[in-house]
1. Need pairs with beta-carbon distance below 6 Å; first residue more than 11 Å from Thr79 (Cβ to Cβ) and within the range 55-69, second part of a helix (DSSP H, G or I); sequence gap 6+ or separate chains.
2. Just to confirm my filter: which strands (runs of 3 or more DSSP E) fall fully inside the chain and include at least 1 residues that are at pLDDT 60 or above and aromatic (Phe, Trp, Tyr)?
Amino acid sequence: MPFSAAKLGTVIATAAVAMTSAESLDFKRVHLVDQGPTNFLFRGNMPTNSTGFAYDELMSFLQNRSIGEGNGTVLPADTKLMVLSLNNDFDGDDFKVNKRNET
């Protein structure tokens, strides 16, 4: 069954699952799970690097995966990113900082 969302426009959801806090974003672990006309669902590990959230690197990885695993689909320039983290407080300082900023 294809992924769909109610008229949200272009949304990319990344489910981040990291086993240890020492991991950083890894292209080998980023994959396109499903796509609809304007929505893409990716999965990957924790989207961080040595300086924090790896936004530019993550967007580059998502673009490459959408082309390679999505039959040549190029992400639109106005792509909106939604990160869904499946991490918890035991997964490192980056998650704790983000959690504090959300409340």
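1. Matching pairs, first to second residue: Phe61/Phe27.
2. Passing ranges, in order: 39-44.
The values are calculated or read from the model by the stated rules, or taken from the named source; none is laboratory data. Just so we're clear, the structure is a prediction, and the values are computed from it rather than from any experiment. As a convention, Cβ positions derive from the backbone with ideal geometry for all residues, glycine included, and neighbour counts pool all protein chains shown.
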